[in-house]
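Chemist: Structure incoming, see below.
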Amino acid sequence: MTTQAPPEAPFFFFHLPRTAGTTLNAILTANFAPDEVLSVYRREDYAACRELEVSRLNRLRLIQGHLMPQSLYPPTLYGRPVRIFTFLREPVARLVSEYRFLRTWPRNHMYAYLNENNISFEHYLTGKEHQLCLRGSNFMTHSLAGKFKNIDDAEALARAKDRLENAFCCFGIQEHFDESLLLMAGTLGLTHLFYERRNVLRKDVPLPPMTDRELELAAELNQADAALYDFAVKLLEQRVAEQGPAFAGRLETFRHVNEKFQNVCALMERKLRIREDGAIIRPKS
(Lines give C-alpha, C1' and ligand atoms only; values in the text may rest on other atoms or scores of the structure.)
Protein backbone atom coordinates (compact mmCIF):
# COMPACT_ATOMS: atom_id res chain seq x y z
CA MET A 1 0.00 0.00 0.00
CA THR A 2 1.37 3.42 -0.98
CA THR A 3 1.86 5.79 1.98
CA GLN A 4 3.36 8.85 0.32
CA ALA A 5 2.86 12.38 1.58
CA PRO A 6 0.44 14.82 -0.09
CA PRO A 7 1.73 16.80 -3.10
CA GLU A 8 2.02 20.06 -1.16
CA ALA A 9 4.40 18.53 1.42
CA PRO A 10 8.09 19.56 1.24
CA PHE A 11 10.64 17.14 -0.18
CA PHE A 12 13.14 15.48 2.15
CA PHE A 13 16.44 14.19 0.79
CA PHE A 14 17.34 11.33 3.16
CA HIS A 15 21.08 11.54 2.50
CA LEU A 16 22.92 8.28 3.17
CA PRO A 17 26.71 8.80 3.32
CA ARG A 18 28.83 8.29 0.19
CA THR A 19 25.96 7.80 -2.27
CA ALA A 20 26.62 10.80 -4.57
CA GLY A 21 24.56 13.01 -2.26
CA THR A 22 26.89 16.00 -2.43
CA THR A 23 26.65 16.00 -6.22
CA LEU A 24 22.87 15.71 -5.98
CA ASN A 25 22.71 18.53 -3.42
CA ALA A 26 24.51 20.83 -5.86
CA ILE A 27 21.82 20.04 -8.43
CA LEU A 28 19.07 20.63 -5.89
CA THR A 29 20.62 23.97 -4.90
CA ALA A 30 20.33 25.09 -8.52
CA ASN A 31 16.61 24.26 -8.54
CA PHE A 32 15.32 25.63 -5.23
CA ALA A 33 15.50 29.15 -3.82
CA PRO A 34 17.77 29.52 -0.74
CA ASP A 35 14.90 30.38 1.61
CA GLU A 36 13.04 27.26 0.48
CA VAL A 37 15.84 24.90 1.56
CA LEU A 38 16.83 23.63 5.00
CA SER A 39 20.22 21.84 5.10
CA VAL A 40 21.01 19.82 8.22
CA TYR A 41 24.60 18.54 8.20
CA ARG A 42 26.71 20.41 10.74
CA ARG A 43 26.36 20.41 14.51
CA GLU A 44 25.14 24.01 14.43
CA ASP A 45 22.49 23.05 11.85
CA TYR A 46 20.99 20.52 14.26
CA ALA A 47 21.00 23.09 17.05
CA ALA A 48 19.30 25.70 14.85
CA CYS A 49 16.60 23.22 13.83
CA ARG A 50 15.44 22.95 17.41
CA GLU A 51 14.46 26.64 17.30
CA LEU A 52 12.83 26.82 13.87
CA GLU A 53 9.89 29.18 13.67
CA VAL A 54 6.63 28.00 12.13
CA SER A 55 6.88 30.67 9.42
CA ARG A 56 10.27 29.26 8.37
CA LEU A 57 8.91 25.71 8.27
CA ASN A 58 5.97 26.84 6.18
CA ARG A 59 8.28 28.27 3.49
CA LEU A 60 10.32 25.09 3.08
CA ARG A 61 10.13 23.10 -0.14
CA LEU A 62 13.23 20.97 0.48
CA ILE A 63 14.95 19.54 3.57
CA GLN A 64 18.28 17.75 3.09
CA GLY A 65 20.70 16.11 5.47
CA HIS A 66 22.15 13.14 7.29
CA LEU A 67 19.18 12.90 9.64
CA MET A 68 16.60 10.23 10.27
CA PRO A 69 12.93 11.00 9.64
CA GLN A 70 10.58 10.75 12.59
CA SER A 71 8.59 8.15 10.70
CA LEU A 72 8.89 6.36 7.38
CA TYR A 73 5.38 4.97 7.33
CA PRO A 74 4.07 7.57 6.59
CA PRO A 75 7.15 9.78 6.05
CA THR A 76 7.25 12.65 8.56
CA LEU A 77 9.87 15.10 9.82
CA TYR A 78 9.49 17.87 12.40
CA GLY A 79 5.94 16.65 12.93
CA ARG A 80 4.97 17.26 9.31
CA PRO A 81 4.50 15.01 6.28
CA VAL A 82 7.38 15.02 3.79
CA ARG A 83 7.94 13.58 0.33
CA ILE A 84 11.03 11.52 0.99
CA PHE A 85 13.69 10.37 -1.48
CA THR A 86 17.19 8.91 -1.26
CA PHE A 87 20.13 7.41 -3.15
CA LEU A 88 21.61 3.94 -2.64
CA ARG A 89 24.99 2.45 -3.63
CA GLU A 90 26.56 -1.00 -3.91
CA PRO A 91 27.22 -1.65 -0.20
CA VAL A 92 30.87 -2.76 -0.19
CA ALA A 93 31.86 0.12 -2.47
CA ARG A 94 29.91 2.52 -0.24
CA LEU A 95 31.68 1.32 2.90
CA VAL A 96 35.13 1.45 1.32
CA SER A 97 34.43 4.99 0.11
CA GLU A 98 33.06 6.06 3.49
CA TYR A 99 36.05 4.69 5.38
CA ARG A 100 38.57 6.29 3.00
CA PHE A 101 36.70 9.60 3.05
CA LEU A 102 36.60 9.74 6.84
CA ARG A 103 40.30 8.83 7.09
CA THR A 104 41.43 11.51 4.61
CA TRP A 105 39.25 14.61 5.10
CA PRO A 106 40.38 16.52 8.23
CA ARG A 107 37.17 18.53 8.58
CA ASN A 108 34.89 15.54 9.16
CA HIS A 109 33.95 14.58 12.70
CA MET A 110 35.53 11.09 12.53
CA TYR A 111 38.92 12.08 11.12
CA ALA A 112 40.77 12.48 14.42
CA TYR A 113 39.26 9.38 16.01
CA LEU A 114 40.06 7.08 13.08
CA ASN A 115 43.58 8.37 12.54
CA GLU A 116 44.68 8.83 16.15
CA ASN A 117 43.55 5.27 16.91
CA ASN A 118 44.75 3.90 13.54
CA ILE A 119 41.39 2.23 12.96
CA SER A 120 41.70 -0.40 10.23
CA PHE A 121 38.92 -1.13 7.76
CA GLU A 122 38.22 -4.43 9.54
CA HIS A 123 37.91 -2.61 12.87
CA TYR A 124 35.69 0.00 11.19
CA LEU A 125 33.35 -2.79 10.10
CA THR A 126 33.27 -4.72 13.37
CA GLY A 127 34.07 -2.23 16.15
CA LYS A 128 31.61 -2.01 19.04
CA GLU A 129 32.61 1.48 20.17
CA HIS A 130 29.74 3.95 20.03
CA GLN A 131 31.47 5.79 17.16
CA LEU A 132 31.45 2.60 15.03
CA CYS A 133 28.74 0.22 16.18
CA LEU A 134 26.07 1.11 13.58
CA ARG A 135 28.34 1.71 10.59
CA GLY A 136 29.66 -1.58 9.30
CA SER A 137 26.66 -3.87 9.00
CA ASN A 138 23.61 -3.25 6.76
CA PHE A 139 23.47 0.48 7.42
CA MET A 140 21.34 1.28 4.35
CA THR A 141 18.80 -1.43 5.16
CA HIS A 142 18.29 -0.38 8.76
CA SER A 143 18.18 3.30 7.78
CA LEU A 144 15.35 2.67 5.31
CA ALA A 145 13.63 0.39 7.81
CA GLY A 146 13.78 3.25 10.29
CA LYS A 147 15.12 1.04 13.04
CA PHE A 148 18.58 -0.14 14.15
CA LYS A 149 17.84 -1.86 17.46
CA ASN A 150 15.58 -4.78 18.41
CA ILE A 151 15.07 -5.83 14.79
CA ASP A 152 16.85 -8.57 12.86
CA ASP A 153 18.24 -8.11 9.36
CA ALA A 154 15.48 -10.13 7.67
CA GLU A 155 12.70 -8.00 9.14
CA ALA A 156 14.66 -4.81 8.47
CA LEU A 157 15.14 -5.85 4.82
CA ALA A 158 11.43 -6.54 4.35
CA ARG A 159 10.57 -3.14 5.82
CA ALA A 160 13.23 -1.35 3.78
CA LYS A 161 11.99 -2.84 0.49
CA ASP A 162 8.42 -1.87 1.31
CA ARG A 163 9.39 1.67 2.33
CA LEU A 164 11.50 2.17 -0.79
CA GLU A 165 8.77 1.02 -3.13
CA ASN A 166 5.72 2.49 -1.43
CA ALA A 167 6.69 5.32 0.93
CA PHE A 168 9.45 7.09 -1.03
CA CYS A 169 8.33 9.47 -3.77
CA CYS A 170 11.42 8.46 -5.77
CA PHE A 171 14.95 7.14 -5.29
CA GLY A 172 18.23 6.81 -7.14
CA ILE A 173 21.21 4.49 -7.51
CA GLN A 174 24.70 5.99 -7.59
CA GLU A 175 25.91 3.52 -10.22
CA HIS A 176 22.96 4.61 -12.40
CA PHE A 177 23.14 8.30 -11.53
CA ASP A 178 22.01 9.79 -14.84
CA GLU A 179 18.99 7.49 -15.23
CA SER A 180 18.07 8.20 -11.62
CA LEU A 181 18.42 11.96 -12.09
CA LEU A 182 16.17 12.04 -15.15
CA LEU A 183 13.52 10.00 -13.34
CA MET A 184 13.75 12.22 -10.26
CA ALA A 185 13.51 15.39 -12.31
CA GLY A 186 9.85 14.82 -13.10
CA THR A 187 8.92 14.05 -9.50
CA LEU A 188 10.93 16.87 -7.91
CA GLY A 189 10.28 19.43 -10.64
CA LEU A 190 13.97 19.85 -11.50
CA THR A 191 14.88 21.84 -14.60
CA HIS A 192 18.63 22.48 -14.10
CA LEU A 193 20.28 19.06 -14.27
CA PHE A 194 23.86 19.45 -15.52
CA TYR A 195 26.43 18.64 -12.86
CA GLU A 196 30.03 18.14 -11.83
CA ARG A 197 30.99 15.26 -9.59
CA ARG A 198 31.38 16.61 -6.04
CA ASN A 199 33.10 15.42 -2.88
CA VAL A 200 35.19 12.77 -4.63
CA LEU A 201 37.88 10.97 -2.66
CA ARG A 202 41.22 12.69 -2.27
CA LYS A 203 44.06 11.02 -4.16
CA ASP A 204 46.91 12.90 -2.49
CA VAL A 205 46.50 11.10 0.87
CA PRO A 206 47.34 7.43 0.27
CA LEU A 207 45.88 4.67 2.39
CA PRO A 208 46.78 0.98 2.34
CA PRO A 209 44.58 -0.99 -0.10
CA MET A 210 41.81 -3.12 1.33
CA THR A 211 42.77 -6.75 1.66
CA ASP A 212 40.69 -9.52 0.08
CA ARG A 213 39.81 -10.66 3.60
CA GLU A 214 38.49 -7.21 4.53
CA LEU A 215 36.39 -6.97 1.37
CA GLU A 216 34.99 -10.46 1.92
CA LEU A 217 34.15 -9.50 5.51
CA ALA A 218 32.37 -6.36 4.31
CA ALA A 219 30.29 -8.44 1.90
CA GLU A 220 29.51 -11.02 4.60
CA LEU A 221 28.37 -8.36 7.09
CA ASN A 222 26.21 -6.54 4.55
CA GLN A 223 24.14 -9.25 2.88
CA ALA A 224 20.88 -7.44 3.65
CA ASP A 225 22.25 -4.26 2.08
CA ALA A 226 23.28 -6.29 -0.99
CA ALA A 227 19.76 -7.73 -1.25
CA LEU A 228 18.23 -4.25 -0.86
CA TYR A 229 20.57 -2.87 -3.51
CA ASP A 230 19.65 -5.64 -5.98
CA PHE A 231 15.96 -5.01 -5.30
CA ALA A 232 16.42 -1.27 -5.86
CA VAL A 233 18.31 -1.76 -9.14
CA LYS A 234 15.54 -3.99 -10.50
CA LEU A 235 12.88 -1.50 -9.37
CA LEU A 236 14.76 1.35 -11.01
CA GLU A 237 15.10 -0.64 -14.25
CA GLN A 238 11.36 -1.30 -14.15
CA ARG A 239 10.59 2.40 -13.74
CA VAL A 240 12.95 3.29 -16.59
CA ALA A 241 11.20 0.73 -18.82
CA GLU A 242 7.85 2.31 -17.95
CA GLN A 243 9.10 5.59 -19.48
CA GLY A 244 9.04 3.98 -22.92
CA PRO A 245 11.65 3.96 -25.71
CA ALA A 246 11.99 7.75 -25.80
CA PHE A 247 13.77 7.69 -22.43
CA ALA A 248 16.90 6.13 -23.96
CA GLY A 249 17.16 9.05 -26.38
CA ARG A 250 16.75 11.60 -23.60
CA LEU A 251 19.41 9.82 -21.57
CA GLU A 252 21.89 9.75 -24.46
CA THR A 253 21.34 13.45 -25.19
CA PHE A 254 21.70 14.40 -21.53
CA ARG A 255 24.95 12.47 -21.15
CA HIS A 256 26.39 14.02 -24.31
CA VAL A 257 25.61 17.59 -23.23
CA ASN A 258 26.61 17.00 -19.60
CA GLU A 259 29.99 15.64 -20.70
CA LYS A 260 30.61 18.94 -22.49
CA PHE A 261 29.48 20.82 -19.37
CA GLN A 262 31.93 18.83 -17.22
CA ASN A 263 34.76 19.48 -19.70
CA VAL A 264 34.12 23.23 -19.48
CA CYS A 265 34.09 23.07 -15.68
CA ALA A 266 37.37 21.12 -15.65
CA LEU A 267 38.96 23.66 -17.97
CA MET A 268 37.91 26.52 -15.73
CA GLU A 269 39.33 24.75 -12.69
CA ARG A 270 42.66 24.24 -14.42
CA LYS A 271 42.83 27.92 -15.34
CA LEU A 272 41.85 29.13 -11.89
CA ARG A 273 43.02 26.74 -9.20
CA ILE A 274 41.40 27.82 -5.97
CA ARG A 275 42.97 27.28 -2.56
CA GLU A 276 40.82 26.27 0.40
CA ASP A 277 41.49 29.71 1.96
CA GLY A 278 39.85 31.37 -1.05
CA ALA A 279 42.97 32.85 -2.68
CA ILE A 280 43.14 32.46 -6.45
CA ILE A 281 46.34 31.17 -8.06
CA ARG A 282 46.63 31.87 -11.76
CA PRO A 283 48.59 29.27 -13.72
CA LYS A 284 52.02 30.27 -14.95
CA SER A 285 52.11 31.38 -18.57
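Chemist: Tell me the residue from Phe231, Phe261 that is at pLDDT 95 or above and assigned to a helix (DSSP H, G or I), please. Show your work before the answer.
Modeler: Values: Phe261 fails: at pLDDT 95 or above.
Unique residue meeting the criteria: Phe231.
The rows are residues; the columns are (1) in the same structural domain as Pro17 (by TED's automatic domain parsing); (2) surrounded by 18 or more Cβ atoms within 10 Å (Cβ to Cβ); (3) in contact with a helix residue (DSSP H, G or I) (Cβ under 6 Å, 6 or more places away or on another chain).
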| position | (1), (2), (3) |
| --- | --- |
| Pro106 | no, no, no |
| Tyr113 | no, no, no |
| Glu116 | no, no, no |
| Cys133 | no, no, no |
| Ala158 | yes, no, no |
| Arg163 | yes, yes, yes |
| Cys169 | yes, yes, yes |
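Chemist: Is it the case that segment 139-147 has a residue that's modelled with pLDDT under 95 and either buried (at least 20 other Cβ atoms within 10 Å of the Cβ) or within 19 Å of the chain's Cα centre (by Cα) (or both)? Please lay out each step first, then the result.
Modeler: First pass over segment 139-147, keeping only residues modelled with pLDDT under 95: 146-147.
Within this subset, residues satisfying the condition of being either buried (at least 20 other Cβ atoms within 10 Å of the Cβ) or within 19 Å of the chain's Cα centre (by Cα) (or both) are 146-147.
The answer is yes, given that some residue of segment 139-147 is modelled with pLDDT under 95 and either buried (at least 20 other Cβ atoms within 10 Å of the Cβ) or within 19 Å of the chain's Cα centre (by Cα) (or both).
Chemist: Still on this model: Please work out if Ala185 is in a helix (DSSP H, G or I), of a type in the set (A, V, I, L, M), free of Cβ contacts under 8 Å to residues at least 40 places away in the same chain and farther than 23 Å from Gln70 by Cα.
Modeler: It is true that Ala185 is in a helix (DSSP H, G or I), of a type in the set (A, V, I, L, M), free of Cβ contacts under 8 Å to residues at least 40 places away in the same chain and farther than 23 Å from Gln70 by Cα.
Chemist: So which of Ala9, Ala26 ends up being in a loop (DSSP other than H, G, I, E, B) and at pLDDT 90 or above?
Modeler: Just one listed residue meets the conditions, Ala9.
Chemist: Please give the number of the condition Leu236 fails out of (1) loosely packed, with under 11 Cβ neighbours inside 10 Å; (2) modelled with pLDDT of 95 or more.
Modeler: All conditions are met except number (1).
Chemist: List pairs: first in segment 133-150 and farther than 19 Å from Glu214 by Cα, second among the aromatic types (Phe, Trp, Tyr), Cβ under 7 Å, 6+ apart or cross-chain?
Modeler: These pairs meet every condition: His142/Phe148.
Chemist: Do you know which of the residues in segment 236-249 that are within 24 Å of the chain's Cα centre (by Cα) and of a type in the set (D, E, K, R) is nearest to Glu175 (Cα to Cα)?
Modeler: Checked segment 236-249; the qualifying residue nearest to Glu175 (Cα to Cα) is Glu237.
Chemist: In this structure, does Ser71 turn out to be touching a residue at least 12 places away in the same chain (Cβ under 8 Å) and either over 15 Å from the mean Cα position of the chain (by Cα) or surrounded by fewer than 17 Cβ atoms within 10 Å (Cβ to Cβ) (or both)? I'd like the intermediate steps shown before the answer.
Modeler: Numbers: touching a residue at least 12 places away in the same chain (Cβ under 8 Å): yes; either over 15 Å from the mean Cα position of the chain (by Cα) or surrounded by fewer than 17 Cβ atoms within 10 Å (Cβ to Cβ) (or both): yes.
Criteria met by Ser71.
The values are calculated or read from the model by the stated rules, or taken from the named source; none is laboratory data. Just so it is clear, the model here is predicted, and its values are computed rather than measured. Note: ideal-geometry Cβ built from the backbone for every residue, glycine included; neighbour counts use all protein chains shown.
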